[in-house]
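First comes the structure, then the notes that go with it.
The values are calculated or read from the model by the stated rules, or taken from the named source; none is laboratory data. Quick caveat, the model's predicted, so the values are computed rather than measured. Cβ coordinates were reconstructed from backbone atoms using ideal geometry, including for glycine residues, and neighbour counts include every protein chain displayed. Remember, those area values only see protein heavy atoms, side chains included, never the ligands or the DNA or RNA. Shrake-Rupley method; radii C 1.70, N 1.55, O 1.52, S 1.80 Å.
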Amino acid sequence: MELTDQVALITGGTAGIGLEAARLFVREGATVIISGRNAERGAAAVADIGDGPGSVRFVAADLADLQSVGALAEQAGPVDILVNNAAAFPVATTVDQSIAAFQQMFDTNVRGTFFLTAAVAPAMLAKGAGSIVNVTTMAASMGVPGASGYSATKAALASFTRTWAAEFSPSGVRVNSVAPGPTITEGVLVEWGDGVAELGKGLPLRRTAEPTEIAEAILFLASPRSSYVTGSTLAVDGGATAI
Ligand SMILES: NC(=O)c1ccc[n+]([C@@H]2O[C@H](COP(=O)([O-])OP(=O)(O)OC[C@H]3O[C@@H](n4cnc5c(N)ncnc54)[C@H](OP(=O)(O)O)[C@@H]3O)[C@@H](O)[C@H]2O)c1
């Protein structure tokens with residue numbers, strides 16, 4: 001097992017990619033904390049994952065609310081692995097973008113993620129070890145119609161990845177990103193509907209991803225297997241950004 005004795009916090013670990021990452025981490029022996037806003041969904045995810053060899057518990061938190069972000073860091077306690085996965089991704093073309101949805105994206109994906117990391121990192125730095133994995137998107141480095149605000153939030157996260165790698169890696173804390181392509185999750189189907197399958201058809205691999213295919217990349221970057229990798233972005237996008 002690759003994550004024995006490791007404590008991991010996975011934001012948005014109650015559905016989609018985060019849920020599959022939590023499942024893999026528990027299988028690898030980690031003590032996992034998953035977060036999300038909806039407590040019922042959290043309880044269902046904990047029951048679905050089950051215990052063994054590691055364990056999983058849920059902490060309710062809204063990343064768009066800074067008080068809630070602080071409380072999450074406190075309730076999680078010191079962690080060895082932080083997966084910044086929770087995000088808002090409402091679809092809107094630039095001319096149709098509502099201010100409220102724009103704000104929700106930046107509050108959740110940028111501000112919440114930034115201050116959660118700032119709260120969690122000191123314990124890793126004091127320990128001299130840790131791994132932070134940011135979940136971005138292929139759209140952070142491509143023009144995808146309807147995703148301008150969202151893509152910009154993830155481009156900010158890609159920038160954080162580089163800066164945090166520069167700031168934290170000298171103290172033994174690695175920071176990397178996984179940049180997924182279109183992946184079939186509950187959330188993306190609600191927001192993008194059939195559009196996500198269409199996006200998949202245009203890729204070199206000619207299909208969308210399963211959440212577990214993204215989770216495997218998160219596990220790789222979180223685990224000691226990637227011990228000499230920091231500041232990098234692993235594209236898990238069916239070849240989207242290669243063409
Ligand atoms: N699916 C794709 O095609 C795709 C492609 C590229 C990148 N990504 C990225 O992959 C990550 C996961 O996406 P997904 O498709 O797995 O999403 P998902 O199925 O919609 O799950 C999102 C998770 O985040 C939580 N969440 C959402 N807003 C939150 C908030 N304000 N505070 C706390 N938790 C929040 C949700 O729980 P609650 O709703 O209960 O809060 C849920 O656990 C995101 O960062 C997304 O941008 C996804």
Problem - Single residue of region 129-157 satisfying the filter (within 27 Å of residue 25 (Cα to Cα) and part of a strand (DSSP E or B)) that is farthest from the ligand (Cβ to nearest atom) - result: 130
Handout entry: Residue tally, condition within 15 Å of the ligand (Cβ to nearest atom) and in contact (Cβ under 8 Å) with a residue 60 or more places away in the chain, over region 9-59
Key = 15
Practice task
Tell me, yes or no, whether region 189-196 has at least one residue that is acidic (Asp, Glu) and within 26 Å of residue 3 (Cβ to Cβ).
Solution key: no
Practice task
Take residue 104 and decide whether it is under 15 Å from residue 12 (Cβ atoms), surrounded by 14 or more Cβ atoms within 10 Å (Cβ to Cβ) and either hydrophobic (A, V, I, L, M, F, W, C) or modelled with pLDDT of 95 or more (or both).
Solution key: yes
Fill in the blank from the handout: Within region 125-146, restricting to residues that are of a type in the set (A, V, I, L, M) and touching a Gly at 6+ places or on another chain (Cβ under 7 Å), the one that is farthest from residue 224 (Cα to Cα) is 138
Problem - All positions within region 153-176 that are under 29 Å from residue 90 (Cβ atoms), touching a residue at least 40 places away in the same chain (Cβ under 8 Å) and open to solvent by 40 Å² or more (accessible area, probe 1.4 Å) - result: 162
Exercise for the section: Answer yes or no: is there a residue in region 210-225 that is closer than 27 Å to residue 79 by Cβ, open to solvent by 80 Å² or more (accessible area, probe 1.4 Å) and assigned to a loop (DSSP other than H, G, I, E, B). Expected result: yes
Problem - Residues (open to solvent by less than 10 Å² (accessible area, probe 1.4 Å) and either within 13 Å of the ligand (Cβ to nearest atom) or on the phi > 0 side of the Ramachandran plot (or both)) located in region 109-128 - result: 109, 112, 113, 116
